[in-house]
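Asks: The structure follows.
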Amino acid sequence: MLHKEKPDYNRNQYGFYTLDQLVPDEHFLRQVEAVIDFDFIYDLVEDTYSSDNGRPSLDPVMLVKIPLIQCFYGIRSMRQTIKDIEVNTAYRWFLGLTLDDKVPHVTTYGKNYSFPSLSRKRLD
């Protein structure tokens, strides 16, 4: 007997899953997360943020992890990296984003890359 899936029906079903359940235990990004403690980034950038004014910031660890994803997976452009993060569950898990969270806009990186001397100074 021929079985025909009903894509519209299947796509609209609800389920109770955690993002953690959707990323395999042996996934490469889980290994990276297990061996690198990214909390040191907060100490590096703490003095560049103001606690009493300005817009809410993006998590600096996430801003470092996004180019790592680009490098690890050989993605050629930041624009494509952002598009991939929008649909890749493992990338979202690595970044600490839920399925509903918005991914940073690609211009976030364009603005930061336009000041390489500031970035270099910070790393020295």
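The values are calculated or read from the model by the stated rules, or taken from the named source; none is laboratory data. From a predicted model like this one, the values you see are computed outputs, not experimental measurements. Positions of Cβ are generated from backbone atoms using ideal geometry, with glycine treated the same way; all protein chains shown enter the neighbour counts.
Asks: Looking at residue 75, is it over 18 Å from residue 28 (Cβ atoms), under 17 Å from the mean Cα position of the chain (by Cα) and surrounded by 14 or more Cβ atoms within 10 Å (Cβ to Cβ)?
Replies: no
Asks: Return yes when residue 100 is more than 11 Å from the chain's Cα centre (by Cα) and more than 30 Å from residue 16 (Cα to Cα) and no when it is not.
Replies: Judged against the criteria, residue 100 is not a match.
Asks: Further, regarding this structure: Restricting attention to the range 45-64, which residues are assigned to a helix (DSSP H, G or I), under 23 Å from residue 110 (Cβ atoms) and not hydroxyl-bearing (Ser, Thr, Tyr)? Step through it out loud before you land on a result.
Replies: Keep residues of the range 45-64 that are assigned to a helix (DSSP H, G or I), which gives 45-48, 60-64.
Still in the running and under 23 Å from residue 110 (Cβ atoms): 45, 48, 60-64.
Hits for the range 45-64 are 45, 60, 61, 62, 63, 64.
Asks: With respect to residue 9, is the statement that it is surrounded by 10 or more Cβ atoms within 10 Å (Cβ to Cβ) and either among the small types (Gly, Ala, Ser) or farther than 14 Å from residue 91 by Cβ (or both) true?
Replies: Judged against the criteria, residue 9 is not a match.
Asks: Given the conditions (1) modelled with pLDDT of 95 or more; (2) surrounded by 10 or more Cβ atoms within 10 Å (Cβ to Cβ); (3) not in a helix (DSSP H, G or I), and given that residue 26 satisfies all but one, which numbered condition is not satisfied?
Replies: Condition (2) is where residue 26 drops out.
Asks: Since residue 90 meets every condition but one in (1) modelled with pLDDT of 90 or more; (2) over 13 Å from the mean Cα position of the chain (by Cα), which condition does it not meet?
Replies: Among (1) modelled with pLDDT of 90 or more; (2) over 13 Å from the mean Cα position of the chain (by Cα), residue 90 violates only (2).
Asks: For residues in the range 3-23 being of a type in the set (D, E, K, R) and within 26 Å of the chain's Cα centre (by Cα), which is modelled with the lowest pLDDT? Write out each step before concluding.
Replies: The initial filter retains those residues of the range 3-23 that are of a type in the set (D, E, K, R), namely 4-6, 8, 11, 20.
Of the ones still in play, those that are also within 26 Å of the chain's Cα centre (by Cα) are 11, 20.
Working: 11: 74, 20: 94.
Result: 11.
Asks: Moving to a separate point now. Of the residues in the range 25-81, how many are of a type in the set (Ser, Thr, Tyr), within 14 Å of residue 91 (Cα to Cα) and without any contact (Cβ under 8 Å) to a residue 12 or more places away in the chain? If you could, list the steps in order and put the result at the bottom.
Replies: Of all residues in the range 25-81, those of a type in the set (Ser, Thr, Tyr) come to 42, 48-51, 57, 73, 77, 81.
From the residues that got through so far, the ones that are within 14 Å of residue 91 (Cα to Cα) too are 73, 81.
From the residues that got through so far, the ones that are without any contact (Cβ under 8 Å) to a residue 12 or more places away in the chain too are 73.
Summing the residues that are of a type in the set (Ser, Thr, Tyr), within 14 Å of residue 91 (Cα to Cα) and without any contact (Cβ under 8 Å) to a residue 12 or more places away in the chain in the range 25-81 gives 1.
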